[in-house]
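A.B. asks: Supplied in structure tokens, the structure appears directly below.
Bear in mind that the values in this text are calculations on the coordinates, not laboratory data. Computed from a prediction, not measured in an experiment: that's the story for all the values here. Ideal geometry is used to build each Cβ from the backbone, glycine not excepted, and the neighbour counts take in all protein chains shown.
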Amino acid sequence: MDDEPLKDWAERRDAKIGRLRAVPVVPGDGPRASHLNPDAPRAIERWNGHVWEPYGFAANLAEAKAILYPEADEPTPTGPVSKPLGSGTGRHRKPQSPTSDGGGPTTR
């Protein structure tokens, strides 16, 4: 039997502590997928290692995403712009067709 050591399992479980998720608040057994009810309110839950516990509340999907993924709202860092490709005949480039003095490609 290929059981993983308890230590490895505990480390994997503990790495998930603090993870957040948004659960749509819909009546009954209605659809719970976010794309079906984007305007439905969301309960934000946090994993404590054993159960999902209440953490917060969001009015809709957009607000929930702002809570779950705050790094997506940060502006992208502006840095040096990479140089465009220079002239050359790299292996990925289309080979130049041979030209005669007439200026067009040669045909036989």
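A.B. asks: Considering only the other residues whose Cβ falls under 15 Å of the Cβ of P5, what net charge follows from Lys and Arg at +1 and Asp and Glu at -1?
C.D. replies: Working: positive: K7, R12, R13; negative: D2, D3, E4, D8, E11, D14.
My count for the surroundings of P5 gives -3.
A.B. asks: Which trypsin sites (Lys or Arg not before Pro) from the range 1-34 combine a DSSP loop assignment with at most 13 other Cβ atoms within 10 Å? Let's see the in-between values first.
C.D. replies: Numbers: sites: K7, R12, R13, K16, R19, R21, R32; in loops: K16, R19, R32.
Listed in order of number, the matching sites are K16, R19, R32.
A.B. asks: Give me the net charge of V26's neighbourhood, meaning all other residues with Cβ under 13 Å from the Cβ of V26; Lys, Arg count +1, Asp, Glu -1.
C.D. replies: Here the charged neighbours net out to 0.
A.B. asks: Around F57, which amide H atoms from residues at least 5 apart in sequence, or from another chain, sit under 5 Å from its own amide H, with H modelled in the peptide plane?
C.D. replies: Close amide H contacts, sequence-distant or interchain: I44.
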